[in-house]
1. Looking at the structure I just gave you, is B:PHE40 among the hydrophobic types (A, V, I, L, M, F, W, C), within 12 Å of another protein chain (Cβ to nearest Cβ) and in contact (Cβ under 8 Å) with a residue 12 or more places away in the chain?
2. Looking only at segment A:1-51, count every residue that is of a type in the set (D, E, K, R) and within 14 Å of B:ALA42 (Cβ to Cβ) and tell me the total.
3. Of everything in segment B:1-21, what is among the β-branched types (Val, Ile, Thr) and facing another protein chain (nearest Cβ under 8 Å)? Give them in sequence order.
4. Could you check segment B:99-110 and list, in sequence order, the residues that are part of a loop (DSSP other than H, G, I, E, B) and closer than 24 Å to A:SER67 by Cα?
5. All but one of (1) open to solvent by less than 60 Å² (accessible area, probe 1.4 Å); (2) aromatic (Phe, Trp, Tyr); (3) more than 20 Å from B:VAL122 (Cβ to Cβ); (4) within 14 Å of chain B (Cβ to nearest Cβ) hold for A:TYR64; state the number of the condition that does not hold.
6. Check whether at least one residue in segment A:33-41 is more than 15 Å from the chain's Cα centre (by Cα) and either surrounded by fewer than 13 Cβ atoms within 10 Å (Cβ to Cβ) or under 19 Å from B:ILE71 (Cβ atoms) (or both), and report yes or no.
7. Looking only at residues in segment B:99-122 that are in contact with a strand residue (DSSP E or B) (Cβ under 7 Å, 6 or more places away or on another chain) and among the basic types (Lys, Arg), which one is modelled with the lowest pLDDT?
8. How many of the residues making up segment B:68-79 are surrounded by fewer than 20 Cβ atoms within 10 Å (Cβ to Cβ) and touching a strand residue (DSSP E or B) at 6+ places or on another chain (Cβ under 7 Å)?
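The values are calculated or read from the model by the stated rules, or taken from the named source; none is laboratory data. The structure presented is a predicted model; accordingly, all values stated were derived computationally and were not measured. Positions of Cβ are backbone-derived with ideal geometry, glycine not excepted, and every protein chain shown enters the neighbour counts. Areas reflect the complete protein model, heavy atoms only, side chains present, ligands, DNA and RNA absent. Shrake-Rupley method; radii C 1.70, N 1.55, O 1.52, S 1.80 Å.
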Protein chains: 2
Amino acid sequence: MIQKAVSNSSTSFGSITMTDNALTSDVPVNSTVVGQSQGFYAGAAQRELGFLMAMNFAFKTGKYNGSTITILGRNTVFSKVREMTVVGGSGIFRLARGYVEARTKWFDPKTGDATVEYNCYVLHY
Amino acid sequence: MIQKAVSNSSTSFGSITMTDNALTSDVPVNSTVVGQSQGFYAGAAQRELGFLMAMNFAFKTGKYNGSTITILGRNTVFSKVREMTVVGGSGIFRLARGYVEARTKWFDPKTGDATVEYNCYVLHY
């Protein structure tokens with residue numbers, strides 16, 4: 001967390017957290033790393049846990065190596081499925097459009113650590 | 001820099017830098033100013049220099065005067081060419097789609113100052 005939430009917030013409102021997480025081909029953390037998920041989520045809701053997400057999926061191995069997908073959207077992390085917009089990408093994903101569906105597969109309330117599955121539906125050339 | 005990097009980061013991870021730079025028609029800093037490049041880049045990578053960029057090119061002279069182009073993407077500043085998404089724009093660039101290619105033309109490692117060329121490939125109406 002690089003910016004703390006506003007003092008009386010129970011929903012992390014105003015916080016900004018930068019993330020650089022492994023992108024893996026499957027849910028287990030030790031499955032094949034295919035890239036990194038880099039960006040931030042910012043607490044943007046006062047009455048629920050709702051984050052504004054700006055994220056780049058940077059692929060580093062496999063057929064998408066060197067390409068990125070860029071996501072901007074709203075992540076209500078305790079919802080079962082969260083849909084966010086693919087606003088574009090680079091390389092193979094140049095001029096891409098689409099959306100992702102995020103589902104939490106594992107969550108440790110003590111540390112806040114989680115494994116989130118992103119199904120990406122991307123139209124690209 | 002409006003937000004410092006996390007303490008032990010050698011890649012500026014967690015930093016947020018706001019920029020308001022002249023957009024010039026050519027590489028030399030004293031070439032014709034056509035607008036401003038306004039937005040931020042955030043250190044989003046822990047093992048390389050990789051920034052999440054959110055930027056508006058605001059044109060202030062010439063045929064694009066009053067229009068903007070909006071960019072969101074990943075900028076690995078030491079790569080030769082960095083491709084980022086044009087997510088849209090305003091005025092002439094309303095509903096625009098496309099991408100930019102950023103190339104560093106001049107860089108002063110002491111100050112961190114740089115001149116970056118942005119080739120913009122934009123589909124617009």
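1. On the way: among the hydrophobic types (A, V, I, L, M, F, W, C): yes; within 12 Å of another protein chain (Cβ to nearest Cβ): yes; in contact (Cβ under 8 Å) with a residue 12 or more places away in the chain: yes.
So B:PHE40 passes the test.
2. Residues in segment A:1-51 being of a type in the set (D, E, K, R) and within 14 Å of B:ALA42 (Cβ to Cβ): 1 in total.
3. Result: B:VAL6, B:ILE16.
4. The answer is none; no residue qualifies.
5. Tallying (1) open to solvent by less than 60 Å² (accessible area, probe 1.4 Å); (2) aromatic (Phe, Trp, Tyr); (3) more than 20 Å from B:VAL122 (Cβ to Cβ); (4) within 14 Å of chain B (Cβ to nearest Cβ), A:TYR64 fails exactly one: (1).
6. No: zero hits.
7. Among residues in segment B:99-122 that are in contact with a strand residue (DSSP E or B) (Cβ under 7 Å, 6 or more places away or on another chain) and among the basic types (Lys, Arg), the one modelled with the lowest pLDDT is B:LYS105.
8. Residues flagged as surrounded by fewer than 20 Cβ atoms within 10 Å (Cβ to Cβ) and touching a strand residue (DSSP E or B) at 6+ places or on another chain (Cβ under 7 Å) within segment B:68-79 amount to 3.
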